[in-house]
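Here the structure is laid out as structure tokens; the discussion comes afterwards.
The values are calculated or read from the model by the stated rules, or taken from the named source; none is laboratory data. As the structure is a computational prediction, the values presented were derived from the model and not from experiment. When we count neighbours, we look across all protein chains shown, and the Cβ atoms used for this are built from the backbone with ideal geometry, even at glycine. The area values use the complete protein model at the heavy-atom level, side chains included, leaving out ligands, DNA and RNA. Shrake-Rupley method; radii C 1.70, N 1.55, O 1.52, S 1.80 Å.
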Amino acid sequence: MLNIVLFGPPGAGKGTQAVKLLEKYQLVHLSTGDILRSELKAQTELGKEARNFMDKGELVPDKVVIGMIEGKIDSNSKANGFIFDGFPRTNAQAKALDEMLSKKGTPITIMLALEVEKSELVKRLLLRGKESGRADDQDPLIIENRIKVYNNETTPVKDFYASKGKFKGILGMGTVEDIFDRLCEAIDDLK
Ligand code: AMP
């Protein structure tokens with residue numbers, strides 16, 4: 001199995017690249033942001049609980065996100081592998097993911113971390129806000145907070161995988177195709 005953590009700040013291009021990667025490598029895409037947005041739209045209890053955090057650009061509590069992802073892994077037991085997008089975002093989530101996957105005997109293969117300059121992130125997010133209507137992509141203050149939360153709470157997850165020899169940084173600047181080629185090269189090098 002090929003289990004990839006696609007990592008990077010908001011606006012790094014994780015969602016765009018995940019869609020291309022899952023087609024090429026036949027993987028299941030698990031984006032916690034997408035799952036949370038669909039819970040929000042369906043006005044479930046989970047969605048209502050998550051909304052307060054998402055609206056401010058804060059992280060949804062670990063317990064909520066971990067429970068959610070566990071259910072998705074269990075319901076895709078025949079998958080070739082997973083692309084985790086936007087998860088794990090804290091060391092507690094990374095540890096929980098390790099435990100879930102070790103029960104299944106299929107560990108994380110690698111974390112691929114997209115590296116993008118901050119000014120480019122803000123530009124991409126504001127553009128996506130205009131095109132998609134996503135509220136948290138339209139307000140410069142919320143964008144600023146999401147990047148701050150990423151730097152403070154999420155970047156330590158890099159060390160979690162680096163200490164296991166499973167971290168690879170990928171330049172996330174340039175065209176979508178250029179970035180995709182770099183990701184594929186890193187994945188094909190694993191074989
Ligand atoms: P994203 O689509 O990945 O940018 O996520 C949008 C929002 O959903 C984030 O700003 C958080 O509020 C929430 N979220 C998504 N994934 C997670 C996660 N793994 N842990 C905590 N909160 C998350």
*Carbon and sulfur atoms: what percent of the 1.4 Å accessible area of the range 2-188 do they account for?*
51 percent
*asked:* Using amide H atoms built in the peptide plane, which far-off residues or other-chain residues are under 5 Å from Asn3 H to H?
replied: Phe82, Thr109, Ile110
*Surface per residue (accessible, 1.4 Å probe) for the chain, Å²*: 51 Å²
*Between the range 59-123 and the range 125-145, what's the alpha-carbon centroid distance in Å?*
23 Å
_Counted charge near Arg182, where neighbours are those whose Cβ lies closer than 15 Å (Asp, Glu -1; Lys, Arg +1)_ = -3
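Evaluate the charge dipole of the range 2-188 about its Cα centre and quote only its size in Debye, nearest 20, assuming +1 on the Cβ of each Lys and Arg and -1 on the Cβ of each Asp and Glu.
Values: 28 positive and 28 negative charges, 39 e Å.
Value, rounded to 20: 180 debye.
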*Can you give the net charge of the other residues whose Cβ lies under 11 Å from the Cβ of Asp137, counting K and R as +1 and D and E as -1?*
+2
*Kindly provide the helix-only [θ] at 222 nm of the chain, computed as the sum of -39,500 (n - 2.57) over DSSP H runs of four or more divided by all residues, to the nearest 500 deg cm²/dmol?*
-17000 deg cm²/dmol
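Given contacts defined as C-alpha pairs under 8 Å and at least six residues apart, what's the relative contact order of the chain, whole-number percent?
Worked out over the chain, it gives 32 percent.
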*Residues with amide H under 5 Å of Gly169's amide H, sequence separation 5 or more or different chain, H placed in the peptide plane at 1.01 Å from N; which?*
Ala113
*Given Ile170, Phe87, Ala113, which one lies farthest toward the positive end of the charge dipole of the chain, if we put +1 on the Cβ of every Lys and Arg and -1 on the Cβ of every Asp and Glu?*
Phe87
*In nm, spacing of pseudo-spin labels at Lys63 and Ala186 (7 Å Cα→C-beta vector)*: 3.4 nm
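With a ≥ b ≥ c the root eigenvalues of the C-alpha gyration tensor of the range 69-191, is it rounded (a/c under 1.5), prolate (a/b larger than b/c) or oblate? Numbers along the way, then the final one.
Working: a/c = 1.73, a/b = 1.46, b/c = 1.19.
In terms of gyration-tensor shape, prolate.
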_Given axes a ≥ b ≥ c from the Cα gyration tensor, I'd like to know whether the range 21-69 is rounded (a/c under 1.5), prolate (a/b larger than b/c) or oblate._
prolate
*How far is it, in nm, from the label point at Glu131 to the one at Glu70 when both lie 7 Å from their Cα along the line to the Cβ?*
3.7 nm
*Hypothetical label at Tyr25: residues of the range 147-191 whose amide nitrogen lies under 14 Å (7 Å Cα-Cβ projection)*: 166-170, 180-191
